[in-house]
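What follows draws every value from the coordinates through simple rules; no lab data is involved. This structure is a prediction, so every number in the text was calculated from the model and none was measured. Because the Cβ atoms are built from the backbone with ideal geometry, glycine has one as well, and the counts that use them run over all protein chains shown.
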């Protein structure tokens, strides 16, 4: 089957590009002919457009360049780039099915708004419309676009969502019952991306997220509790880090997690990858990420590793010392992954 994936794949965000890679890799392993439709949402593209200034933002430029190289080299991109539904309409007939997701494709707040491409809101007679691990992100009310969302969802054949918040938001509007599925990063082993040495020799604590200001005390407590002397910060400046890797390639980003001794992160995909590679971790998500991180960890029986409020240093230290039962977590994760794969097989049967 010829499958077109419409997702947020073109931004310099490691979770975004890796979930796009994993979606395509898994579907191709099932024997489908897959294309990541190279849709650049205009408002998002403008937000991430590099603006030259002095001094030049070299680390941002390098991160953008490395993520773009990954997307162009690793994703099965469509031969045409699209910027709106009208430009894509002429090529709808090239596909048998469309999948939107993963990530926050159904966020209808500032910048992105209601985007017809991400809601598959375009004529496609005889084609299947599927969402996989779609998320509304921080949207709490579709407001003036509620009817547009309702009409778009009514034309889906299968609806898979990433978190309980998204399920609750779309269930009253959709004709199909939403099914909660795992993020695509759990569908693929990333084997081709993991070849190569560890980025840092010896044991190290990995930090991914902004832990400056009031959050610094939480990080410092974890560092003391683990006793790790080497602290590696990905992307963000960190006063407590001994090393900073400001603009890793997506491959290097993955390897940083794979070889870490302990992980502290505020990000959804930082938490997901730490759990996937069974790296001990503490998740301290920012308010807009708390629900989706907690939902993901809930079905791995690891929700207690995520703070839903700003934690004190003592609580962080205690959690850092607590052993994770990876056998139990692995069992529950495997069951959810298999159900998620079954969802896709049925949707594309």
Can you work out the base-10 log of I(q)/I(0) for the chain at q = 0.07 1/Å, using the Debye formula on its C-alpha atoms alone?
-0.29
Looking at the chain as a GNM with Cα springs under 10 Å, which of 133, 124, 260 has the largest mean-square fluctuation?
124
Whole-Å distance, taken between Cα centres, linking segment 285-349 and segment 8-26:
20 Å
Counting C-alpha atoms alone, how compact is segment 1-112: give Rg to one decimal and Dmax as a whole number, in angstrom.
14.8, 49
Mean-square fluctuation maximum in Gaussian network of the chain, Cα pairs under 10 Å, restricted to 36, 226, 108, hits 226
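With all distinct Cα pairs included, what does the Kirkwood hydrodynamic radius of segment 2-188 come out to in Å, to one decimal, could you say?
Mean inverse Cα-Cα distance, inverted, gives 16.9 Å.
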Quick calc: nm separation of the 7 Å Cα→Cβ label points for residue 79 and residue 314 -> 6.6 nm
Which angle between 0 and 90 degrees, to the nearest 10, do you get for helix 14-29 versus the longest principal axis of the chain when only C-alpha atoms count?
60 degrees
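How do 61, 299 line up, fewest other C-beta atoms within 10 Å first?
Listing 61, 299 from fewest to most nearby Cβ atoms yields 61, 299.
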Overall dimensions of segment 206-349 by Cα: Rg and Dmax, Å:
15.6, 52
Could you work out the relative contact order of segment 30-172, using alpha carbon pairs under 8 angstrom and six or more residues apart, expressed as a whole percent?
22 percent
Top of 264, 34, 145 by mean-square fluctuation, Gaussian network on the chain, Cα under 10 Å
145
Can you give me the C-alpha center-to-center distance between segment 84-137 and segment 269-283, rounded to a whole angstrom?
29 Å
Suppose the Debye formula is applied to equal point scatterers at every Cα of segment 299-349; what is log10 I(q)/I(0) at q = 0.22, 0.29 Å⁻¹?
-0.83, -1.04
Taking only DSSP H segments of four or more residues, each worth -39500 (n - 2.57), what value at 222 nm results for the chain once the sum is divided by all its residues, to the nearest 500 deg cm²/dmol?
-11500 deg cm²/dmol
Given a cut-off of under 8 Å on Cα pairs at least six residues apart, what relative contact order in percent is computed for the chain?
15 percent
For segment 191-332, what is the relative contact order in percent, using Cα pairs closer than 8 Å and at least 6 residues apart in sequence?
24 percent
Relative to the present Cα-Cα distance, how much length would full extension add between residue 332 and residue 240 at 0.36 nm per residue of separation?
29.6 nm
The chain: angle of helix 58-74 to the longest principal axis, Cα-based, in degrees nearest 10
50 degrees
